[in-house]
Amino acid sequence: MDDNEAPTFEPDLIRAIFKHIWIKKAQERERNGFPNTEAGDSEVGAGTSKKNRPTSANTNALKLSCELLRIFITEAIQRAGTIAEAEGSTMIEPTHLERILPQLLLDF
Amino acid sequence: MEVDEDNRSDFEKEEEEEDDSVSDLLRDRFRLSAISIAESEAKRSGMEISPPIVACIADLAFKYIGQLAKDLELFAHHAGRKSVTMTDVIVSAHRNEHLAASLRSYSDELKAKEPQSERKRKKVPRKEDKGIDGMVNIPDL
């Protein structure tokens, strides 16, 4: 399923995206759950109290997430390609993607 | 929508957060990577793919990573951790046995590559594990 020279995601990029989302959520938690601590002091995520510190991810977890996302994309292409082939075409068209999309989203 | 590899090579780490422009930048980088993965996969299987489809798949993947981030955080917190580990990623794929099995064997590979794992060695790497015992075993922390 994986050959080594195939492109994949950069773990650093995935880390940055995760961090971005988690910091947003941590700030939301801080605003909602702890109204007395919202002194506007921690806008850059390094939450002051331990409780509100944003989640982090370890290196292997990031690599595994990269792999999961890569599989998601390759599955989309493979499945759409199978439908296209069944119709005797080598061009993946929007209708092919539409056909595979429901099951793809259920599978991930 | 032609994408070349060198868009990704000048990737420099950004540590500043919380800007819509930063989030746009991250999204665009993610999309570029996704597009190059999709195009190389299409080429590998000898298919042609129209650019709007590639863009659409990249968008799907971006939505998926948003959902994934929330899931992973939830799982880690549920386990009483502040940091996401590989088990969280595997649990996030638990609905799909084959996907979970594939991720598990990949995680075993990663673990084998860096043998700095200290206490979660109780599971011997089983490459052909088909995940019938669907539960991911979560080490007691």
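Whole-Hz Karplus values for segment B:100-114 come out as 4, 5, 5, 5, 5, 5, 5, 5, 4, 4, 4, 5, 5, 5, 10 Hz, taken residue by residue from phi with 6.51 cos²θ - 1.76 cosθ + 1.60 and θ = phi - 60°; glycine and proline positions read x.
Look at B:Lys111, B:Lys63, A:Lys63 and count the other Cβ atoms within 10 Å of each Cβ; fewest to most, that gives B:Lys63, B:Lys111, A:Lys63. Calculate, for B:His98 and A:Arg31, the FRET efficiency according to 1/(1 + (r/R0)^6) with r their C-beta to C-beta distance and R0 35 Å; round to the nearest 0.05. Here the calculated transfer efficiency is 0.30. For the listed residue pairs A:Lys24/B:Lys82; B:Lys43/B:Lys63; B:Lys43/B:Lys113, the alpha carbons are over 21 angstrom apart in B:Lys43/B:Lys63; B:Lys43/B:Lys113. Remark on B:Ile49: its backbone amide H falls under 5 Å from those of A:Ile92, a criterion applied only to residues 5 or more positions apart or on other chains, H modelled at 1.01 Å from N.
Lys and Arg at +1, Asp and Glu at -1: add these up for the other residues within a Cβ distance under 14 Å of B:Gly46 and post the number. In short, -2. One decimal place: the segment B:Ser105-B:Asp59 gains 13.8 nm when fully extended, by the rule 0.36 nm per residue minus the C-alpha distance.
Where a number appears in this text, it was derived from the coordinates with a stated rule and is not lab data. Note that this is a predicted model, so its numbers are computed, not measured. Heads up, the Cβs are rebuilt from the backbone with ideal geometry, glycines too, and the neighbour counts pull from every protein chain shown.
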